[in-house]
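The values are calculated or read from the model by the stated rules, or taken from the named source; none is laboratory data. Computed from a predicted structure; not experimentally measured. All Cβ positions, glycine included, derive from the backbone under ideal geometry; neighbour counts span all protein chains shown.
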Amino acid sequence: MNTKIQSRHNIVFTGYVNNKKLNNLYKNATSFIYPSIYEGFGIPPLEAQSFGVPVIVSDIEVFREIYGDSVFYINPYDTQNILNGIHKVMNDKDLQSELIEKGYKNINKYSWKKSARKIFHSIIEAPYNTPTL
């Protein structure tokens, strides 16, 4: 780990946190930054949106598909771009409000129940929808 980062008084490396502490972190967050380089889906930004937190994520294809215009995009390979994105979201109250509102709308597209239903139907219906050769 970078010792420069470790010495910053305003950065806390939490390690594992239980659900209660995680909920408190989301509730008290001013923004959620997720500069991931690769994701299969990316659930943590959705969790943050459900708590009304403005979200900043990497500009990668999967996030464009999942989050659309409900987040602020940054280049995960460019530290200056990440910093500029954080400053933009933190200092623009209108942008914060817009991201929160769009975030609440975005989370309505997803649920564990909907996901389970889609998986169940794909397993049950797949054998019957397979074309015969």
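Of note:
- Residue within the stretch 108-120 that is among the β-branched types (Val, Ile, Thr) and under 29 Å from Val12 (Cα atoms) present: no
- Residues (within 24 Å of Phe63 (Cα to Cα) and either of a type in the set (Lys, Arg) or modelled with pLDDT under 70 (or both)) located in the stretch 110-133: Lys113, Lys114, Arg117, Lys118
- Considering residues of the stretch 62-108 that are within 17 Å of the chain's Cα centre (by Cα), of a type in the set (Ser, Thr, Tyr) and assigned to a helix (DSSP H, G or I) only, the residue surrounded by the most Cβ atoms within 10 Å (Cβ to Cβ): Tyr67
- For the stretch 37-51, taking the residues that are surrounded by 15 or more Cβ atoms within 10 Å (Cβ to Cβ) and not in a helix (DSSP H, G or I), the one that is modelled with the highest pLDDT is identified as Phe51.
- Filter result for Val55 (under 14 Å from the mean Cα position of the chain (by Cα), more than 21 Å from Val12 (Cα to Cα) and surrounded by 14 or more Cβ atoms within 10 Å (Cβ to Cβ)): no
- Residue match in the stretch 97-119 (condition: touching a residue at least 24 places away in the same chain (Cβ under 8 Å) and either of a type in the set (S, T, N, Q) or closer than 22 Å to Tyr16 by Cα (or both)): yes
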